[in-house]
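Okay, so here's the structure we're looking at.
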């Protein structure tokens, strides 16, 4: 029996000569980087949760995030704008998977098209966030300044705006760097770098980063806008 | 030769199918979350809102699973890689429990032993007044 078990592929992975994780070095390191980044975002969100749990009152997100671009000032449309932002990010994640998939097939034009769509999605998301930030700023919200009352009508502290701008800002910066990485990938694809290498593994690593940005948004969206 | 291309094509089709299936799942989960969010606005009882929030958190974790497992392809990696990523993340279980419990306990202690603070936080402010002066710290 022992002889049979050593011939199993999972056992063979540890006999040396190749990665026991069966992935390329760069991809493994991207996973470890993303894990450490997950702890960074986790620490931010847990700190937000701790402060929220320790406060007697907290602003109602449906009152704070109620506006929409080009809509009249007094409009009450909670969750509408942020759901558009969420769908933009999900769709751009899908086009990124498709780009990776086309890369497996060595289909250069497919990779280029899907990367362009992903970049457009990323820029659209950043534009939405820029509008939201400038709108909140125009209402008097910023780091150290909170014009919104608590849900029960009592005076709120600046914790809400501090956490909101820090965490969505940190996430937005990740989106921005993801867009830059995708643009670099697009240029490298257009210059036939990956055709020369014989594989599109670099697109997979950029894809992992991009999906992680989408993943973080799932948590930020839930923690700030929904609950 | 024709056999291998047919195989590759079948694999290609199944992968594309999986991508669209997961896209549909993620969209449906998001729509359910949003529907719950809208529905929650009309709820007055605290315990009902708390339950809906719990459901939303579960849906959020389901979405995270689909993104990591399928879009990031982790489900199809070897077991060693899956474990080296997932096992350290279990630290979050302790991390979240301990800190939220701590925050809640701090609130209860302060409300019990600092009546002034509690009285301050229950004063209602009118809307026009609050835009005049913004309080800068707790």
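Quick note: the coordinates plus some simple rules give every number you see, no bench work behind them. Since we're looking at a predicted model, the values are computed, not measured. Because the Cβ atoms are built from the backbone with ideal geometry, glycine has one as well, and the counts that use them run over all protein chains shown.
Largest first, the extents of the alpha carbon coordinates of the protein assembly as shown on the three principal axes equal 79, 54, 31 Å. Considering only Cα atoms, the convex hull volume of the stretch A:99-142 works out to 50 Å³ per residue.
When A:123, B:85, A:187 are sorted by how many other C-beta atoms sit within 10 angstrom of their C-beta, beginning with the fewest, the order is A:187, A:123, B:85. Hey, how many Å between the Cα centroid of the stretch A:158-190 and the Cα centroid of the stretch A:21-53? Here the answer is 15 Å between Cα centres. With the simple spin-label model, which puts each label point 7 Å out from Cα in the Cβ direction, the residue A:180 to residue A:77 separation comes to 3.3 nm.
What percent do you get for the relative contact order of the stretch A:102-227 when only Cα pairs under 8 Å and 6+ apart count? Display every interim value, and only then the final one.
Working: 85 pairs, mean separation 39.6, N = 126.
Reported as a whole number, the value is 31 percent.
Helix A:201-221 and the longest principal axis of the C-alpha atoms of chain A enclose an angle of approximately 30°. Could you tell me how many degrees, from 0 to 90 and to the nearest 10, lie between the Cα long axis of helix A:25-53 and the main elongation axis, the longest principal axis, of the Cα atoms of chain A? For A:25-53 against chain A, the angle is about 20 degrees. List residues of the stretch B:13-52, by number, whose backbone nitrogen lies under 20 Å from a label position 7 Å along Cα→C-beta of residue A:68. Correct set: B:30-42. Ordered by the count of other Cβ atoms within 10 Å of each Cβ, fewest first, B:102, B:33 give B:102, B:33. Taken over the C-alpha atoms, the stretch A:1-110 has Rg and Dmax values of 23.9, 75 angstrom. Only Cα pairs under 8 Å and at least 6 apart count here; give the relative contact order of chain A as a rounded whole percent. The normalised contact order for chain A reaches 26 percent.
Put a dot 7 Å past the Cα of residue B:96, heading toward its Cβ, do the same for residue B:108, and the two dots end up 2.1 nm apart.
Taking R0 as 22 Å, what's the FRET efficiency between residue B:78 and residue B:15 from their Cβ-Cβ distance, rounded to 0.05?
Values: r = 18 Å, r/R0 = 0.83.
It comes to 0.75.
Look at A:202, A:106 and count the other Cβ atoms within 10 Å of each Cβ; fewest to most, that gives A:106, A:202. When the Gaussian network model of chain A links Cα atoms closer than 10 Å, the mean-square fluctuations of A:160, A:125, A:21 top out at A:21.
For chain B, just run the numbers: alpha carbon Rg, then divide by 2.2 N^0.38 Å, N being how many residues it has.
Details: Rg = 24.2 Å, N = 138, 2.2 N^0.38 = 14.3 Å.
Cα-based Rg divided by the globular estimate yields 1.69.
How far, in degrees from 0 to 90, does helix A:159-190 lean away from the longest principal axis of the Cα atoms of chain A, to the nearest 10? Helix A:159-190 and the main axis of chain A meet at about 40 degrees.
Pairs of Cα atoms under 8 Å, at least six residues apart: use those to get the relative contact order of chain B, whole percent. Each step should come with its number before you reach the end.
Values: 26 pairs, mean separation 20.1, N = 138.
15 percent.
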